[in-house]
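Here the structure is laid out as structure tokens; the discussion comes afterwards.
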Amino acid sequence: MLVFVAIGRASHEEAASLAGFANTAWPFLVGLGAGWGVTRAWRGADALMPVGVGVWVCAVAVGMVLRVLAGQGTAVAFVIVASSFLGLALLGWRLLARVVGGRKVSSAG
């Protein structure tokens, strides 16, 4: 998630200040925390379903709502890119862990 913020800020040539980085990151970090709480991810953090998908959906949805409330942008292109990148980051490692670990990928988690 923090890599997403760093890449996004760099690609838009925004100042590399800690305050700017934190201002961009906090809505998604709160969403990530909400996702962990809602899914009780600590019980099975590597589960693709429902944990991975739940954490991803919460990170994006809560993050975007908080960005709106904070007066930050939520252009359609940004929502698509953020959803895609966070999906890859939050689901990709879980899928890779299952494939490398030799376990069958299923929705049962």
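Where a number appears in this text, it was derived from the coordinates with a stated rule and is not lab data. Here the structure is a predicted model, which is why all the values come from computation and not from measurement. Positions of Cβ are backbone-derived with ideal geometry, glycine not excepted, and every protein chain shown enters the neighbour counts.
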For this session: Can you tell me the relative contact order of the chain? Whole percent, Cα pairs under 8 Å, sequence separation 6 or more.
Result: 28 percent
For this session: Compute the Rg/Rh shape ratio of segment 2-100: radius of gyration over Kirkwood radius, all on alpha-carbon atoms.
Result: 0.99
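Using the Cα centre of the chain as the reference point, and only Cβ charges (+1 on K/R, -1 on D/E), how large is the resulting charge dipole? Debye, rounded to the nearest 20.
Using Cβ point charges on Lys, Arg, Asp and Glu, the chain gives about 500 debye.
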Seminar exercise, completed: Any DSSP H helix in the chain with Cα axial reach of 27 Å or more and mean Kyte-Doolittle score of at least 0.0? Listed by number, the hits are 18-39, 76-100
